[in-house]
Amino acid sequence: MAITESADQRLLEINELQTHFFTDDGVLPAVDGVSFHIDRGETLCVVGESGCGKSVTAHSIMQLVPTPPGRYVSGSINFEGRNLLELTREEMRQVRGREIAMVFQEPMTSLNPVHTVGRQIAEAVRLHRSESKKEALVMAEEALRLVKVPDPHRRVHEFPHQLSGGMRQRAMIAMALSCRPKLLIADEPTTALDVTVQAQILELIRSLKAEVGMAVMLITHDLGVVAEMAQRVVVMYGGKVAEQGTVGEVFAEPLHPYTRGLLSCIPRLDQERGELQIISGQVPSPLRFPTGCRFHPRCPEAMDICREEPPPATSKDGRYVACWLYDAGQGGGK
Amino acid sequence: MMAASAVEGVAAVEQGTAAGSEYLLRIDNLVKYFPVRAGALGRAVNYVRAVDGVSLGVKSGQTLGLVGESGCGKTTLARVVLCLLQADSGSVVFDGQDIVRAAPDDLRRLRRQMQIIFQDPFSSLNPRMKVGSIISEPLKIHTKLSRPERLARAAESLEVVGLGPRDLDRYPHEFSGGQRQRIGIARALVLRPKLILCDEPVSALDVSIQSQILNLLRQLQQDFGLTYIFIAHGLNVIKHVSDRVAVMYLGKIVEEAPADNVFRTPMHPYTQALMAAIPVPNPAARRIGVTLEGDVPSPLNPPPGCRFHTRCAQVMPVCSVEEPVSCEVSPGHRVACHLFGDAAR
Amino acid sequence: MATVPAPAKGKIRRSALAGGLRALRRSKMMTLGLGIMSLVCLVALLAPWIATHDPLYLDPMNRLQAPGPDNWLGTDDVGRDVFSRVVYGSRVSLLVGALVVLSSNLIGTLIGLMSGYYDKVDKVVMRVMDGLMAFPTTLLAIAMMAALGARMSNVIIALSIVYIPRVARVVRGVVLTVRELAYVEAAVAIGAPAWKIMLFHILPNCLDPIIVQSSFIFAQSVLSEAALSYLGVGIPPWIPSWGNIMTGGRLFINAAPWMTWFPGLAIIICVLGLNLFGDGLRDLVDPRLRGVL
C-alpha cells in the first residue's frame, strides 16, 4: 500500500535518537538508535516491555529526561520541521503543553494533592494563553465536561484525593488537552486502572482525538490496547525498534521473531484454555544488553550472525523490521 | 447447598475429573469489615465492607480463579483464608478443620499446608537475605532439619522452579522479576503445602514472562497435586489457569461456575462487562457488549440492594431495593442476579 | 516505568568495602568529614604521647601565659597547659559521644520497633516520646543533671534520654513502612513468630537511617556535653573536657582569650567533621534506599 508522504503530513519525526544514561554502574543505552514518525491526526502505539526504552523515548520528545545522568547523545526529534533537541529551554517550554502534551501512568502522583483539580487545569491554561483566573477556571470546567467527568461544576473545586483513579486520569487528560495540542503522548495511561475503567478511558481518548483533531502517541505493553487504538505500531526491544508497520500488517503478519513471540504468548480471551506459548529467557536489563541482536538469546530462529552483529534495518512502504532473517545478504528478504 | 455439591460431584465424575471430589477448602458466609475510626477515642463510625458474606469451595487438585477489580475484596478474602487477617464471622474449613477458630498451635501447624505467592516480586523477598535463607526459612520454623538438610531441600525447590543450586548464595536483587517470582514459588513449595494462594502472581511481570510463570504453575500443580486459589483482575489470565471461576464485586460473589461455562455463557451483567472490557489483540475484532459507565463505588458505602445496580445496563426496579440471592442456573453455575431469580424458582 | 531506568536494582550490596570506597570517592564531604574525625580519634587515642604536659599539673607561677614555645596553646588561670588539656578533652568528648550514641540507639531502636509493630504500644509510648521531645534538648539535659548530680556517667545517661525519642521516632517510621511490605507478610504466612520477624526482617532495614542519624547524634552530644560542662552541670571540673576548659576561661576572656578559643575551635572542628560525614552518608544512602526497598 503506497503511502504518499507529503512533508506537511509528518507531525513528528524521530531520527536515530540516542538517549543514554551515565551512571556509576555504567552506561545505560536506554534509547539506542530509534527512528519513527507520526503523521497528523494519526494514532501510533509504541509497544514493548520494561527496559525497551519506550518511556524514555516519550520523555525525550518532551525533553523531560533528567540530564544528569541522562544525555541526548545523538539523533534528532523533528516536530513540524523544528528539531526539538536544539530548542532553548524557553522555546521548549512553549512547545510543552501547547503543541505537545503528555499524560502519565500514575494519575495520583501526577496531580498535586494540595491544589484543587480545577486550579491545576486552569494553571495549564493560563501558562499558554492569556486568560484571567476566572476565565481559566471556566475553561477548566469546560475541559472536565469534555472528558465526561460527571458534575464538572462540583468537581472543579475538589481535590485529587476526592476523585477515583479513573476520574483523576480524566482530569489529567483534561489538563493535557486544555490547549488543544497537536500531539498527545500517553505513557501507559491505563495500566494503573481497573479493566472496566481502562475501557472507558481508551474510548475517551478515541472520541477526543476525533473532536480535537490531534495525533496520539500511545505507549503500552498491552497488545490488546494496540489492536484497539492504533493505526500504526512500533515494537521496541532493548532500546531499539524491532518492527514497525500498520496495525493490520503487524498483527496479521508479524515479521520480527519477538513480535511473533509476543503475539503468541499472551493469554487471550479469544483462545481456547490450555498451555501457553512462551518466549524463553529474561527481558534484558539496559545495563547488560546482549551483543549483536539484542533479542538473540531468546530468539528461536537465532543464527550465528545474530550473536555478533546488530541486524540491519529493512524497510519498504512504511513497513520496517530489524532482523537478520530479512537481510537480503543472508538469503532472507521480504 | 447439599444438592449443589451432590450435583457437582456427579458432574465431576461424569467429566472424568481425576482430582479428588473432596473439598479441600470450604468458605461459608465469610464476613470481614474494616472499621473506620474517628474521634479522640477512636470509635468506629463506619465500616469498609471488604468481604460481605462470601461462600466458596475449592476441590483438591483444582484451581479456583477469583477475579474482580479494585475494592472487590479478593485480596482481603485471600488474607482471611490464610489467617493473616481475622474474620469477623463465617467459617473457613480447611481439610476438615475450622481455621477461623483455630488455636495458635493448630494454626502454626496449618500454615504448613497453606502458602501464598505474592504479586510484587520485588517486595516479596527480603533484600538482605540470601535466596537460600529465604527459601529455607519455612523449614527452619516448621521442621527440625539441620542446616545442610534445609539447604538441600531449598536447592531441590529451586531446581523444580527452573533455577539452580548456585542461586542459593545470591541475593534477590541479582535476579530479574520473573526469576524472583520463581524464588517466591520455590519458597511456597518447600513445605509441600496442599493449598497455594496465588495473589496476582503475574500482574507485575513483563508480558513475555507471564506465560512462563503460568505454565510453571500449571506444571507444579500436576507434579505436586497442588490446589490453587488464583487471584487476578483480568479474565484473560484466569481463563488459562482455572477450573472454576468466581467473580467478585464489592465484597460479594456475583457469579461462580466452571471455567468453560463462564467463558462460553457469562450470565451476570458484570461478568459480561468484564469480558467485554478486555481489549483483544486482534485489530479486526469489534468490541462486543457495552462499556460500563461510572466507577466502582466505594466499599464504605455500597449501593443498596444489588451492589452492581448503579452500573448495570439491565437494571430493574427491584435491583435497587432487594439484594439478589445466589442461585443455581445450571449444574455448578451460580449467579446472584435478579434476572435469574425467577428462572431458578 | 521510571524515567531513569533503575540500574539492575542490584549493585548496592556489592562488597561493602568496594561500595564504601566508591562512596568516599564520590562524596568529598564524606571524605573530609571522615578525615577530620579520624584525626580527632587519633588525637584522643594517642593523647599520652601527643600531650606536652600533664593536663592536671598545676603550675601557678606559669599562669595565663600566652601561646608560646613551651605551651603551644598557652596556660590557664592555674598554670595548666591548655594544649594538653584540649588533647585530653577530646577523649571525654569522644567517649561521651560514643556511649550516648550506643545507648540511645539500643534503647531507642527497641522502643521504635515495638511501637511500629504493635499499635497498642504505639499509642502509649509515642505520647511519652512526644512529651520528651517537646523539651529543648539542652534544657532537658540541664534539668536531669541538676536532679542526678554532675558526674560523667550521669551526663551520658541524661543525654541518652534526650536522644532516645529521636531514634525511636525514626525507627518507628521505618518499621511502619517495612511492615507493610510483602516479604514481611510472607514471613507471617510462613508462621514466623513476631520476634523473628522484627529481628530478621524489619530491623535490618532500619539500619541505614539509624547509622545516618547516629553521626548527627554524636555531633549533638559533643555540643551538649560542652554546653553542660560550660554551665557547670556536666563533667566535674577535675576532668578536662572542652566545656570545662571554656568555663575556666570565661572570667579571663580579655586577659587570656586562648583559654576559650582553642577548646571552642576543637569543638567546632569535631562537630563539623561529624556533620560533614553524616551529610555525605545521608545523601549516599537515601536515593539508593528508594531503589532497594
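All of the numbers you see were taken from the coordinates with simple rules; none came from a lab. Nothing here was measured: the structure is a model prediction, and the numbers come from that model. Cβ sites come from the backbone with ideal geometry, for glycine too, and all protein chains shown count toward neighbours.
Odds and ends about this structure:
- Counting neighbouring Cβ atoms within 10 Å and putting the fewest first, the residues A:TYR237, C:TYR118, A:TYR72, C:TYR230 line up as C:TYR118, A:TYR72, C:TYR230, A:TYR237.
- Per-residue [θ]222 nm for chain B (sum of -39500 (n - 2.57) over DSSP H runs n ≥ 4, rounded to 500): -9500 deg cm²/dmol
- Rounded to the nearest 10 degrees, the inclination of helix C:28-45 to the longest alpha-carbon principal axis of chain C is 50 degrees.
- Taking a quarter of the surface of the Cα convex hull of the protein assembly as shown gives a mean projected area of 49.3 nm².
- Three semi-axes of the equivalent ellipsoid, chain C, Cα gyration tensor, whole Å, largest first: 42, 24, 13
- The residue list A:LEU263, B:GLN179, B:GLY341 was ranked by how far each Cα lies along the charge dipole of the protein assembly as shown toward its positive end, using unit charges on Cβ atoms, and B:GLN179 comes out on top.
- The mean of 1/r over all pairs of different alpha-carbon atoms in segment C:197-285, once inverted, gives a Kirkwood hydrodynamic radius of 14.8 Å.
- Cα Rg, Dmax, segment C:88-152, angstrom units: 14.8, 47
- On a per residue basis, the convex hull of the C-alpha atoms belonging to segment B:174-246 measures out at 88 Å³.
- Loop-located trypsin sites (Lys or Arg not before Pro) in segment B:134-171 whose Cβ has at most 12 other Cβ within 10 Å (DSSP): B:LYS144
- Shape category assigned to segment C:134-293 from the gyration tensor of Cα positions, a/c cut at 1.5: prolate
- In this simple spin-label approximation, A:ARG71 and A:MET108 carry label points 7 Å from Cα along the Cα→Cβ vector, and these lie 3.8 nm apart.
- In the protein assembly as shown, taking the dipole from charged Cβ atoms about the Cα centre, the farthest positive-side position among C:VAL174, A:LEU193, A:LEU84 is held by C:VAL174.
- Largest to smallest principal axis extent of the C-alpha atoms in segment C:185-232, angstrom: 56, 18, 10
- Within segment B:58-129, the ratio Rg/Rh, alpha carbon atoms throughout and Rh by Kirkwood, equals 0.99.
- Structure-based [θ]222 nm, chain A - -39500 (n - 2.57) summed over DSSP H runs of at least 4, per residue, nearest 500: -9000 deg cm²/dmol
- Rg of the Cα atoms in segment B:230-293, relative to 2.2 N^0.38 Å, amounts to 1.10.
- Rounded to the nearest 20, the size of the Cβ-charge dipole of chain C about its Cα centre is 1080 debye, with Lys and Arg at +1 and Asp and Glu at -1.
- Reported value for segment B:106-206: 91 Å³ per residue, from the convex hull of its C-alpha atoms.
- Efficiency of FRET from Cβ geometry, B:LEU300 and B:VAL31, R₀ 25 Å, rounded to 0.05: 0.95
- q = 0.10, 0.22 Å⁻¹: log10 I(q)/I(0) that the Debye formula gives for segment A:102-198, counting C-alpha atoms only: -0.23, -1.12
- When C:PHE216, A:PHE22, C:PHE200 are arranged by Cβ crowding within 10 Å, least crowded first, meaning fewest neighbours, the order is A:PHE22, C:PHE200, C:PHE216.
- Restriction of the GluC sites (Glu not before Pro) in segment A:256-334 to DSSP coil positions whose beta-carbon has at most 10 other beta-carbons within 10 angstrom yields A:GLU272.
- Comparing segment A:1-103 with the 2.2 N^0.38 Å rule of thumb, its C-alpha radius of gyration ratio is 1.11 (two decimals).
- Note on chain A: lysine pairs with Cα distance below 27 Å, sequence gap of 8 or more or different chains, count 16.
- A viscosity of 1.567 mPa s and a temperature of 4 °C, combined with the Kirkwood radius over C-alpha pairs in the Stokes-Einstein formula, give segment A:203-301 a diffusion coefficient of 85 µm²/s.
- Dimensions in Å of segment A:79-149 - Rg and Dmax from alpha carbons: 14.0, 39
- Which listed pairs, of B:LYS144/C:LYS196; B:LYS140/B:LYS194; B:LYS59/B:LYS144, have C-alpha distances above 21 Å, in listed order: B:LYS59/B:LYS144
- Once the Cβ-Cβ distance of C:SER153 and A:HIS115 is raised to the sixth power relative to R0 = 51 Å, the FRET efficiency obtained is 0.40.
- Ranking C:ALA150, C:LEU139, C:ILE211 by how far each Cα lies toward the positive end of the dipole of chain C (charges on Cβ) leaves C:ILE211 at the top.
- Centroid-to-centroid separation of segment A:16-90 and segment A:199-248 [C-alpha atoms, Å]: 18 Å
- When A:THR291, A:THR57, C:THR109 are sorted by how many other C-beta atoms sit within 10 angstrom of their C-beta, beginning with the fewest, the order is A:THR291, C:THR109, A:THR57.
- Relative pair counts by distance (%), Cα atoms of segment C:33-100, 10 Å bins: 23, 44, 26, 7, 0
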